[in-house]
Amino acid sequence: MSELASRPSAPTEPPGLVPVQPGPADREVTPAVGPGALLAGRYRLRTRVGSDLAAGAEFWRSEDTVLRRDVAVTLLRALAPEHGAIGGDEDPTGATRAGEMIVRALRSGSFEHPGCARLLDVLAPGAPGLPGDVLGAAVTEWVNGRSLAEVVSEGMLRPLAAARALAPLAAAAEEAHRHGFVLGCDHPQRVRITPDGRARMCFALPRPDLRPADDVRGLGAVLFTMLTARWPLSGADAARAGLTAAERTPGGALEPPSSVRPGVPVELDALARGTLGPENAPGHVRTAAAVHRLLTDVVAEDDRNALFPPAHDGAPSDPDDVWQDRGRPATPADPVRRKRLLTGLATLAAAVLLVLGYVAVQVTSLFSDPSTPTIVVGPNAGGSEPAPPADGAAPATGPVRVAAVEVVDDVGDRDNANRVTRLIDGDPSSTWGTVTYRQQFPALKPGVGVMASFASAVQLAELSISSGSPGTRVEVRSAPSADASVDDTELMTEATLERGTTVVPLDGSQPVEHVLLWITELAPADGGFSSELGEVEFRRAG
């Protein structure tokens, strides 16, 4: 059955958002906008998950029928003049305003960040396959997880969990502002929370009149909502998203989060008030960079104090928390788990007894024959002490065996992932390289890297990299795990590769189990940019 023959009926629109009825010709060539409608012959609308009336936008969870994946579609709908206009009397249907939003989206097409869904496609007004009352659309990655309203419906988040969740979104806003773009995170239905607890922008096409200051207010609003389960900006947006509007004092000021729930750290309380307060008020937070920096400091301080019991924050402890509430009922013992625990303890006790027995035998044999000469084994048997290095660093000894290596790419496909083991095969002539890019990093992506993992933590002295791509810039970063993202790693040092072998000192580094070699600048090659690495060798500190 054809699409036109099985045209689905349009859903009921919220007040104020009434589509303009297309003419007879339009009805013959374009499907109705509703669940099941196909846009541009590719994107099938599935579920409408929200709307931004101030932008004339609808948010749809959709399917890319070509690549068979979920996507997020933002539709710009025309308004009937009798129901009010987005753009005023000079733009009764919002067409001019929608055109500006589409142009902005096209200009931001190269912007990518882990805290923001990647823009996949932009459908300009009048594109084939668009209904007559659709003024344009943008397609982004679908963000798995839950909406902001769904997250807080189960109860307010813990303050430190809220800070960790907001940090990636604040980093995305900071990067976007640095490139001259605005995210539009001041609407509750544009932001979603991933299963691992990170806030990400999902839907594109913000209003054209937004400024970076609006994103800063949006960041404060998301934090305020996670702390209080109340949306502090537009009451209409709050109602449409299923959230409660924040309460205000008789003078019109917002009640701070600390007055709604106990245990909100003073830093987060001040951050929420500073982002949402008047621009000329004392303590006003003006930039997304300041928001990101403060959130990072709060999270780092919490990590340093992990061994101390947390302050009561108004939320009950989870079953797997180290620190439990005194009034929390004890979980009944699991007999199977108890049996396994006792078996493990018995095995450990037997191993300890064997070790103690072996030590006792060795000590007895040592004192049983005093005439036995003492044998000194090692490089210092002659009694001379080796001279320490001139710079006081530990000397490099033997190479460290790399247990596993894989390509790390937070954006897009991993470059030549099937060849990355050539870096540790002992043959410098067998190489791994990136694909050839037409633009230098970070125009298309922030970088690409290789994660090397050891069998256990090791103290490194130096790293050598053979390469035929001089000028390649590499950051050496320690990683907490093999699947860690770049944002979760710490910079150890950086180097510019020379032709041949480049030795990178790692003096003073802490023991590491995973090391990320993150390429931030490619070498010019074949009219584009690419880098090729031969052999990577780590040497331990003596």
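Nothing in this text is a laboratory measurement; each read-out follows from the coordinates by a stated rule. Everything numeric here is computed off the predicted structure, so don't read it as measured data. Quick reminder, even Gly has a Cβ in these numbers, built from the backbone with ideal geometry, and neighbours come from all protein chains shown.
Say R0 is 45 Å: what FRET efficiency, to the nearest 0.05, do ASP410 and ARG340 get from their beta-carbon distance?
That gives a FRET efficiency of 0.70.
Suppose a student asked you for the relative contact order of segment 146-304, using Cα pairs under 8 Å spaced at least 6 residues apart; what percent would you report?
Once normalised by length, the contact order is 27 percent.
GLY50's amide H: which non-local residues (gap 5+, or another chain) put their own amide H closer than 5 Å, with H modeled 1.01 Å from N in plane and none for Pro or chain starts?
Long-range HN contacts for GLY50: PHE59.
Work out from phi, with θ = phi - 60° and the Karplus expression 6.51 cos²θ - 1.76 cosθ + 1.60, the ³J(HN,Hα) of each residue of segment 459-470, listed in order in whole Hz, and give x for Gly and Pro.
8, 9, 10, 7, 9, 10, 10, 9, 7, x, 10, x
Contact order normalised by length for segment 414-542, with contacts defined as Cα pairs under 8 Å and 6 or more residues apart; what percent is it?
Relative contact order here is 40 percent.
Compute the separation of the alpha-carbon centres of segment 194-270 and segment 409-443 and state it in Å as a whole number.
If we compute the Cα centre of each part, the gap is 42 Å.
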